[in-house]
Amino acid sequence: MKKNIFLTFCLIFLSSYLLANDEVKLYFHKDTISNAHTALLFLEAQNIKNPKLSLEELHIDFLPDIKKENRYFALIPISYYAKPKKYKVIVSYETKEKKEFKGITLNVTDGNYKSEVLSVQPSKIHLNDVDKKRSEKEYKEAMLVYNEYSKNLETSFIKPLETPITSNFGNKRIYNDSLQSFHSGTDFRAPIGTPLYASAKGTVKIAKNRFYAGNSVIIDHGYGVFSCYFHLDKISVKEGQTVSQKEFLGYSGNTGRVTGPHLHFTIRVKNTLVDPLQFIEVMNILN
């Protein structure tokens, strides 16, 4: 009798253990973020394959989290133009039996970005035919780069400079009282000739002079993450070169469409411009 009771207890315990270990957990690091920020979603589960997520037109793979066994993570870039509301994220994964789906809600709020008025050379606003053709060609080249990337991801990111910030990401901009846009990166104070360094390990995809960005370096870090360094005075790396974190890239300058010397630092995730400093904070959670 006692033996039967013991065996029954063991079976109940084992069943509870297996159920607990088969449990799927899905949670955000923060379930409320601003537009143009990057959300970090975690998925904890055993014995699953091909975890993915969908958010409207975004389709993103999860990556294994090296910090915790049986945990995966995904970076979700939120567009600057995303409307403040609750968004439904659908997650799928495969088990031995079938394909499973789970849903989770992400709340996006208005970043309330400030406005600023800038004065630049009229030739950088009203382009002649030659400059217009050049800028369109460079845009297409960059889009090809941003849309081709590996699945691996470097998770250690740092600021390229530790100087004061002269213009924050997301500021609504008015150039010469006419052209409106938003500031696509973070500007760091950098007199001409200031040494600049890579935010993370990666492969240099663009290293050349461009019409708007001036002397530019764009680095592919995998998983659709790119860091961009614009308006350099001199470039010291080449396209196709692998660089390490903190590796020397060149010197700051005032080339391209600028009001003065500085470093314009940009991060793209899945071809979406995001706040670089908030992105670095998110990546530090994974290290």
Diffing the stretch 224-232: the Karplus 3J(HN,Hα) column from phi (6.51, -1.76, 1.60, θ = phi - 60°), in whole Hz with x for Gly and Pro, holds x, 9, 10, 10, 10, 10, 10, 6, 5
Where does each of 220, 129, 275 land when they are ranked from fewest to most other beta-carbon atoms within 10 angstrom? 129, 220, 275
Computed ³J(HN,Hα) along the stretch 195-203: with the Karplus parameters 6.51/-1.76/1.60, θ = phi - 60°, integer Hz and x for glycine or proline, the list is x, 10, 10, 5, 6, 7, 5, x, 10
Mind listing the long-range amide H neighbours of residue 213? Cut-off is under 5 Å, sequence gap 5 or more, other chains count too, H placed in the peptide plane at 1.01 Å from N. 257
Order these by the 10 Å Cβ neighbour count, fewest first: 143, 283. 143, 283
Share, in percent, of DSSP beta bridges within the chain that are antiparallel, nearest 5: 90
Using the crude model of +1 on Lys and Arg Cβ and -1 on Asp and Glu Cβ, and no other charge, please compute the dipole size for the stretch 115-285 relative to its Cα centre, in debye to 20. 260
Using the charge dipole of the stretch 147-287 (Lys, Arg: +1 at Cβ; Asp, Glu: -1 at Cβ; taken about the Cα centre), state which of 269, 216, 286 has its Cα farthest towards the positive end. 216
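For the chain, with only Lys/Arg (+1) and Asp/Glu (-1) charged at the beta-carbon, what is the dipole magnitude about the Cα centre, in debye rounded to 20?
The calculated dipole for the chain is roughly 320 debye.
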Just grab the label-to-label distance for residue 31 and residue 94, each label 7 Å out from Cα along the Cβ direction, in nm (one decimal). 3.0
Using modelled amide H (1.01 Å from N, peptide plane; none on Pro or chain starts), what sits under 5 Å from the amide H of residue 36, excluding residues fewer than 5 places away? 78, 79, 80, 82
Which whole-angstrom value gives the distance between the alpha carbon centres of the stretch 141-161 and the stretch 50-102? 19
Gyration tensor (Cα only) of the chain to equivalent ellipsoid, semi-axes in Å sorted down, yields 45, 20, 16
Students often forget the sequence filter, so: which lysines lie under 18 Å Cα-Cα from residue 52 once same-chain residues fewer than 8 apart are removed? 25, 88, 96, 98, 99, 102, 151, 270
What is the distance, in nm, between label points placed 7 Å from the Cα along the Cα-to-Cβ direction at residue 66 and at residue 203? 1.9
How much net charge surrounds residue 145 when only the other residues with a Cβ under 14 Å from the Cβ of residue 145 are counted, with Lys and Arg +1 and Asp and Glu -1? +2
Quick query: amide H of residue 249 versus all other amide H atoms, modeled in the peptide plane; which residues come in under 5 Å with a sequence gap of 5 or more or a different chain? 196, 197, 198
To the nearest 10 degrees, how steep is helix 2-22 against the longest Cα principal axis of the chain, on a 0 to 90 scale? 20
HN-Hα J couplings of the stretch 242-247 from phi, Karplus 6.51/-1.76/1.60, θ = phi - 60°, integer Hz, Gly and Pro as x? 8, 10, 9, 4, 6, 6
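Any read-out appearing in this document is the output of simple, stated calculations on the displayed coordinates, not a laboratory observation. Keep in mind it's a predicted model, so treat the numbers as computed, not measured. So basically every Cβ, Gly included, is an ideal-geometry build from the backbone, and we count neighbours across all protein chains shown.
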